[in-house]
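No value in this document is a laboratory result; all are computed from the given coordinates. Fair warning: this is a prediction, and the values are worked out from it, not measured in the lab. When we count neighbours, we look across all protein chains shown, and the Cβ atoms used for this are built from the backbone with ideal geometry, even at glycine.
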Amino acid sequence: MKKLDAVLENKHLIGIAGHVRPDGDCVGSTLAVYNYIRTYYPDADVRLYLEPIPNIFKFLRYSEEIKSEYTDEDIFDLFIALDCGDTGRLGNAAKYFESAKHTYCVDHHVSNQAFAEENYIFPEASSTCELVYELMDAQKVTKEIAECLYTGMVHDTGVFQYSCTSAKTMNIAGILMEKGIDFSKIVDETFYTKTYNQNRVMGQALLDSRLYLNDQCIVSVITQKQMKQFDVLPKHLDGIVNQLRVTKDVKLAVFIYENEDGSFKVSLRVNGNFDAASLAMHFGGGGHVKAAGCTMYGTQEQVVSTLLEEVEKRL
Ligand SMILES: [Mn+2]
């Protein structure tokens, strides 16, 4: 597998993108690579495309240079897809990936079919940021790059707690800490801090949650109407499914919210041995064994009952 420097060699126009609805690992990994290129390849024309990112990540260097419009018509010498299981997850940036002369993918989703020319895919890795670190020249990881990578690792491991966290994850995190980053501030301000409205909508979701299948499965739904009532957007609902998961004796936590088009975004989190990725893939989604997601169609009641039928077969 080619390291990042080998892939970047002799490439002038370079594009980077992550998945739709960017999370911490997506923002962290893409900005880490962007910072690396901006710092060490000053002659390259590099562009990072992401949907608007949550405000909590805007302290990361060069976040203000992220492009959220897809009006460029250039053919990229190299296009790098990060934290994406398939080209569909690139959203509007997929066209750049598809027309690029060379493509590179770094990811840790089990559903990833190695869709690029060069692939670095390890489903057992905690985060794409962990993989990006391995591909960089360790000597060239600046404090600003370390902040990006640490943020992504914190988010995809639930602050080094989920089972995807390995000794290697902790070793890399330790190296990043030595770069002088304010690690406790990153954890507190990007992971734990919630706005008043976010806490209130989480409270509603917990109140409305129901247990199914002999109390092995917990489900909660937030509708568009409720999101308007609490003045929140989908990106403000992060963390709800993790709170559902810590319900005692629950095997599978399901958090569902209604999209603007009336479809439903389903997030799955697992305790113990249940394969959330294969359940999500059954409904056209993807993810990891213990954390996955998909989009489902129908009424709220239909979505919940269709999902529970499939869960029952697999429990
Ligand atoms: Mn990730």
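Overall shape: oblate for the stretch 137-196, with the ratio a/c of the largest to smallest alpha carbon gyration tensor axis at 1.5 or above and b/c at least equal to a/b.
Listed cross-link partners Lys140/Lys179; Lys185/Lys248; Lys179/Lys290; Lys248/Lys290; Lys67/Lys194 are compared with a 19 Å cut-off, the Cα-Cα value being larger for Lys185/Lys248; Lys179/Lys290; Lys67/Lys194. Could you tell me the calculated FRET efficiency between Asn92 and Asn214, based on Cβ-Cβ distance and R0 = 41 angstrom, to the nearest 0.05? E(calc), rounded to 0.05, equals 0.45.
When Lys and Arg each count +1 and Asp and Glu each count -1, what net charge do the other residues less than 14 Å away from Thr87, Cβ to Cβ, add up to?
Net of charged neighbours comes to -3.
Residues considered: Arg245, Arg47, Arg200. Largest GNM mean-square fluctuation over the chain, using C-alpha springs under 10 Å, is found at Arg200. Out of the DSSP beta bridges found with both residues in the chain, what percent are antiparallel (nearest 5)? Bridges in the chain are about 40 percent antiparallel. Segment Lys235..Leu315, full-extension length gain: 25.8 nm, with 0.36 nm per residue of separation and the alpha-carbon distance subtracted. With a Förster radius of 22 Å applied to the C-beta separation of Gln226 and Tyr196, the computed FRET efficiency comes to 0.90. If one takes the longest principal axis of the Cα atoms in the chain, at what angle in degrees, from 0 to 90 and to the nearest 10, does the Cα axis of helix 167-177 lie? That helix lies at roughly 60 degrees to the long axis.
If you take the square roots of the eigenvalues of the alpha-carbon gyration tensor of the stretch 1-126 and sort them as a ≥ b ≥ c, do you get rounded (a/c under 1.5), prolate (a/b over b/c) or oblate? The shape class here is rounded. For a paramagnetic label modelled at 7 Å from the Cα of Lys168 toward its Cβ, which residues of the stretch 136-157 fall within the zone defined by backbone nitrogen distances under 16 Å? So the set is 136-138, 153, 157. A simple charge model with +1 on the Cβ of Lys and Arg, -1 on the Cβ of Asp and Glu and nothing else charged puts the dipole of the chain at about 780 debye relative to its Cα centre. With the Cα gyration tensor of the stretch 182-231 giving a ≥ b ≥ c as the square roots of its eigenvalues, does the rule (a/c under 1.5 for rounded; else a/b larger than b/c for prolate; else oblate) give rounded, prolate or oblate? Oblate is the answer for the stretch 182-231, as a/c is 1.5 or above yet b/c matches or exceeds a/b. Placing pseudo-labels 7 Å out from each Cα toward the beta carbon at Glu117 and Asp249 gives an inter-label distance of 5.6 nm. Structural descriptor for the stretch 109-243: relative contact order 18 percent, calculated from alpha carbon pairs under 8 angstrom and at least 6 residues apart.
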